[in-house]
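Here the structure is laid out as structure tokens; the discussion comes afterwards.
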Amino acid sequence: MQLYNYFRSSASFRVRIALEIKGLGYDYIPVHLVKGEHRDPAYLERVGDALVPTLVTDGGAALSQSMAIIEYLEDTHPTPALLPSTPLARARVRALAQMVACDIHPINNLRVLKYLVHELKVTEDAKTAWYRHWVRSGLEAFERQLQLLADERSSQGLAPSVLCWGDTPTLADCCLVPQVFNGQRFNVDLGGLPLTMGAFEACMALPAFQRAQPSSCPDNEA
Ligand SMILES: N[C@@H](CCC(=O)N[C@@H](CS)C(=O)NCC(=O)O)C(=O)O
């Protein structure tokens, strides 16, 4: 498999985590977003949305959208599983993942921030305030949801979660960790989020997350 991606891209990082957890080897193909390489004709030939990541399967299919890619990996390589076994728990994990991937990330990605500055002429300070507001409020919602899930687990006699859900990494962790990295990069206040940051720290203690992080990437420029 080949992963077209960028070291700082949160959506790419999600897929790298999933690949590492499942122990799947892949060729790392860098696509430099700041240089606009995602808009090169050769890339666009296969990728309609002009975004990273794209996973090219062993069969040659180009898959877009990180969540769809991770679900593909889950379907084709079920163990270790990134989704729990019961329908209710799977819905819980998918909901957490979507809080990040659908509610926080889309309004804070590169092209949205560039549009704010270049087309709507907002100042850099206003752009940063936008970013910090939506990431912080999104993570506060995530924290409330983790608390509700902790209460539910406790009432059912289940052990408290170490990660977002349970004690093995799930799709929710694949989404949370890159979002926290991104928030840290832009100095978002991450205080007062004990369950969220506890899950983040527990993930980062795992080798798969270490191997997938931006500083481990071959195109890392930091
Ligand atoms: N929903 C997409 C989001 C992909 C996305 O927004 N990727 C960003 C990097 S994290 C990108 O390619 N940005 C380029 C741009 O905004 O121009 C996914 O989950 O894969």
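The values are calculated or read from the model by the stated rules, or taken from the named source; none is laboratory data. What you see is a predicted model; the values in this text were computed from it and never measured. Neighbour counts run over all protein chains shown; Cβ positions are idealised from the backbone, glycine included. Remember, those area values only see protein heavy atoms, side chains included, never the ligands or the DNA or RNA. Shrake-Rupley method; radii C 1.70, N 1.55, O 1.52, S 1.80 Å.
Out of the helices (runs of 4 or more DSSP H) lying entirely within region 1-95, which hold 1 or more residues that are hydrophobic (A, V, I, L, M, F, W, C) and buried (at least 16 other Cβ atoms within 10 Å of the Cβ)?
Working: elements: 10-21, 41-44, 66-76.
Answer list for region 1-95: 10-21, 66-76.
I'm told Thr123 meets every condition in (1) touching a residue at least 12 places away in the same chain (Cβ under 8 Å); (2) closer than 23 Å to Val188 by Cβ; (3) β-branched (Val, Ile, Thr) except one. Can you identify the failing condition by its number?
Going through the list (1) touching a residue at least 12 places away in the same chain (Cβ under 8 Å); (2) closer than 23 Å to Val188 by Cβ; (3) β-branched (Val, Ile, Thr), Thr123 breaks only (1).
What are the residues in region 165-222 that are touching a strand residue (DSSP E or B) at 6+ places or on another chain (Cβ under 8 Å) and surrounded by fewer than 18 Cβ atoms within 10 Å (Cβ to Cβ), if any? So that I can check it myself, show each step before the final result.
Within region 165-222, the subset touching a strand residue (DSSP E or B) at 6+ places or on another chain (Cβ under 8 Å) is 217-219.
Within region 165-222, Pro218, Asp219 qualify.
Within region 100-108, does at least one residue satisfy the condition of being within 12 Å of the ligand (Cβ to nearest atom), under 22 Å from Glu143 (Cβ atoms), surrounded by 15 or more Cβ atoms within 10 Å (Cβ to Cβ) and not hydrophobic (A, V, I, L, M, F, W, C)?
Within region 100-108, one or more residues are within 12 Å of the ligand (Cβ to nearest atom), under 22 Å from Glu143 (Cβ atoms), surrounded by 15 or more Cβ atoms within 10 Å (Cβ to Cβ) and not hydrophobic (A, V, I, L, M, F, W, C).
Taking only pairs six or more apart or across chains, which ones have beta-carbon atoms under 8 Å, a first residue in region 63-80 that is farther than 15 Å from Glu20 by Cα and at pLDDT 95 or above, and a second residue that is of a type in the set (Phe, Trp, Tyr) and open to solvent by 50 Å² or more (accessible area, probe 1.4 Å)?
So the pair list comes out as Leu63/Tyr72.
Within region 44-51, does at least one residue satisfy the condition of being among the acidic types (Asp, Glu) and near the ligand (Cβ under 9 Å from one of its atoms)? Step through it out loud before you land on a result.
The first filter runs over region 44-51 and keeps only residues among the acidic types (Asp, Glu), leaving 45, 49.
If we keep only those that are near the ligand (Cβ under 9 Å from one of its atoms) as well, we get 49.
Among the residues of region 44-51, at least one is among the acidic types (Asp, Glu) and near the ligand (Cβ under 9 Å from one of its atoms), which makes the answer yes.
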